[in-house]
1. In this structure, does A:Gly144 turn out to be assigned to a helix (DSSP H, G or I), at the interface with chain B (Cβ under 8 Å from one of its Cβ atoms) and small (Gly, Ala, Ser)?
2. Quick one: which of B:Thr93, B:Thr128, B:Thr85 is closer than 18 Å to B:Arg212 by Cα, at pLDDT below 90 and surrounded by 21 or more Cβ atoms within 10 Å (Cβ to Cβ)?
3. Would you mention how many residues in region A:50-70 are surrounded by fewer than 17 Cβ atoms within 10 Å (Cβ to Cβ), more than 10 Å from chain B (Cβ to nearest Cβ) and out of contact with any Asp or Glu (no Cβ under 6 Å at 6 or more places or on another chain)?
4. Looking at (1) surrounded by fewer than 19 Cβ atoms within 10 Å (Cβ to Cβ); (2) of a type in the set (Lys, Arg); (3) within 10 Å of chain B (Cβ to nearest Cβ), find the lone condition where A:Lys73 falls short.
5. Restricting to region B:189-198, give me the number of residues that are facing chain A (nearest Cβ under 7 Å) and surrounded by fewer than 20 Cβ atoms within 10 Å (Cβ to Cβ).
6. Just for region B:158-179: of the residues that are surrounded by fewer than 19 Cβ atoms within 10 Å (Cβ to Cβ) and within 11 Å of another protein chain (Cβ to nearest Cβ), which one is nearest to B:Leu213 (Cα to Cα)?
7. How do the helices (runs of 4 or more DSSP H) wholly within region B:58-166 filter down when requiring 3 or more residues that are over 25 Å from B:Phe233 (Cβ atoms): which remain?
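The values are calculated or read from the model by the stated rules, or taken from the named source; none is laboratory data. Since this is a predicted model, take the numbers as computed values, not measurements. Glycine also receives a Cβ, built like all others from the backbone with ideal geometry; neighbour counts cover every protein chain displayed.
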Amino acid sequence: MLRVNDLSLRYPNGKLALTDFELTVEPGELVAVLGGNGSGKTTLLRCITRTLRPSAGEIWLDETNLCALEGEKLRRARLALAIIWQHPSLVRRRTVLANVATGALGRHSTLWTTLGGLPASELEPARSYLADVGLADLAEQRAGTLSGGQAQRVSIARALAQRPRVLLADEPVASLDPEAADEIMRLLQRLARSERIAVLCVLHQLDLAYTYADRVVGIRAGRIAFNLPRSQVSREEVRQLYIHEAA
Amino acid sequence: MSLNIARPFGTKPAGSSGWGSAVTIAVRCVLGLLAIAIIFQMLIVVEARPQDLITGVHGMIDLIRRAMPPDFSQLPKAVWPTLQTLDIALFGTIVGVVVAVPLALLAAANVTPSRYAYYAARAIIGFTRAVPDLVWALLFVTAVGLGPFPGGLALGVHSVGMLGRLFAETIEQMDMAPIHALELTGARRIQVFSHGIVPSILPSLLGIGLYRLDENIRSSLVLGFVGAGGIGFQLLSDMNLFQYQDVSLLLIIIFVIVLGAERISAALRERLA
């Protein structure tokens with residue numbers, strides 16, 4: 001379970017990016033985060049992954065407060081926290097299988113993996129994660145040859161290889177066509193249900209949030225505007241998020 | 001039909017100001033005169049005398065006549081210096097790559113572990129690159145004596161500078177997104193390096209290394225002139241002994257080596273691309 005308590009982030013220039021942010025994502029739940037540009041969506045994910053240090057508040061991953069960790073302890077905690085970016089961020093010259101297996105590197109500290117070898121025990125699971133995302137037949141292909149949708153599915157398989165308890169997704173379908181976007185969102189929903197992963201997904205497409213999310217969180221100027229089950233979110237409330245941005 | 005091109009309010013079309021165009025013409029005239037002055041001083045400083053070329057033709061023809069035909073019976077004697085030349089270049093390139101890779105990692109702004117390490121690595125790269133390989137060879141000949149070893153050392157040290165700079169630039173231009181993504185999976189720093197950075201830059205580094213080997217082969221031919229062994233040393237000896245037929249044989253060998261190295265290096269680099 002992911003729990004964010006009273007999270008605030010103030011940039012060095014004094015701008016408040018997040019204010020008193022409260023959020024919980026249960027295992028098996030897919031929560032969509034909506035908000036205009038600069039509203040704090042990506043900043044929230046960066047705080048959770050601890051690539052940004054929050055000014056105040058706590059981020060709990062089960063019983064571990066991520067804000068209290070540094071160095072090796074933080075690295076270990078990150079094993080349970082996978083993230084998918086808008087752009088898949090694969091090592092283009094390596095094979096699809098190698099890219100997926102590198103998701104599990106953090107659990108292995110042998111000389112072989114230090115020297116660039118893949119952990120043998122992770123290859124079969126990596127193949128099965130690739131099968132889960134429908135790309136088993138591309139395992140030996142170079143990652144640089146994949147289409148945008150395929151590459152995004154590989155990055156999801158890499159995230160699965162991490163065996164995370166929480167999966168963060170930062171606009172994972174922003175650069176995909178509608179069909180590929182639906183496919184990725186269906187996959188995230190299935191993973192949340194079947195693997196009992198807590199999924200927090202930043203989106204811009206309201207329809208996708210309505211179709212696939214269990215809960216929708218709206219952010220406006222770094223604060224929570226609403227946090228409701230998807231059936232209770234009105235289009236007007238969502239529209240207000242973006243009107244505020246335009247103003 | 002006339003074109004009506006819109007202009008932002010309050011701006012004037014180019015060349016509409018009389019003062020502006022006069023200044024532009026004056027600046028161009030000054031630059032033109034400056035260029036002519038530079039060319040003239042260059043001709044004076046290098047003491048360029050085209051007439052000497054014409055009077056020297058007779059001597060050149062005499063030299064070529066005495067160098068023909070090349071003495072192919074001396075081919076076995078040229079094998080060892082040829083091998084020395086190639087190995088000096090190989091030694092220099094390997095030393096250069098081995099030292100330049102860690103230096104480049106320190107000298108690349110996006111992966112360096114500290115600012116001090118960055119400036120120190122940049123200083124070493126700058127210094128080894130600024131001193132020409134021929135000067136390094138003279139220094140090493142003084143230090144370790146005549147032979148191929150000082151030649152190899154000279155090329156090695158100079159290659160550290162040349163490769164270090166190119167490697168660092170390659171690392172700085174690398175796409176960092178896969179590296180950050182790998183860090184966030186919980187991989188250790190050394191694993192991020194071996195699984196993320198190395199595969200991303202290895203083909204470029206190999207390509208640069210091959211290009212350097214090609215350059216080093218050409219340089220190692222010249223290093224022999226200052227006593228650093230190889231075919232250059234043989235060439236100088238034969239010139240001093242007026243063995244021009246041997247000289248022409250060595251020139252043919254040099255031509256074959258340079259052309260062969262260039263072709264092989266280009267073919268390998270193409271495969272890596």
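1. Considered against the rule, which asks whether it is assigned to a helix (DSSP H, G or I), at the interface with chain B (Cβ under 8 Å from one of its Cβ atoms) and small (Gly, Ala, Ser), A:Gly144 comes out as no.
2. On the way: B:Thr93 fails: at pLDDT below 90; B:Thr128 fails: at pLDDT below 90.
That would be B:Thr85, the only listed residue that is closer than 18 Å to B:Arg212 by Cα, at pLDDT below 90 and surrounded by 21 or more Cβ atoms within 10 Å (Cβ to Cβ).
3. 10
4. Result: A:Lys73 fails condition (3) only.
5. Number satisfying all stated conditions: 3.
6. B:Met174
7. Working: elements: B:75-107, B:115-130, B:133-144.
In region B:58-166, the matching helices (runs of 4 or more DSSP H) lie at B:75-107, B:115-130.
Listed here are the residues, each with its yes/no results for (1) more than 9 Å from every other protein chain (Cβ to nearest Cβ); (2) in contact (Cβ under 8 Å) with a residue 40 or more places away in the chain; (3) in a helix (DSSP H, G or I); (4) on the phi > 0 side of the Ramachandran plot.
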residue	(1), (2), (3), (4)
B:Ala181	no, no, yes, no
B:Leu223	yes, yes, yes, no
B:Gly232	yes, yes, yes, no
B:Met239	yes, no, yes, no
B:Ala261	yes, yes, yes, no
B:Leu268	yes, yes, yes, no
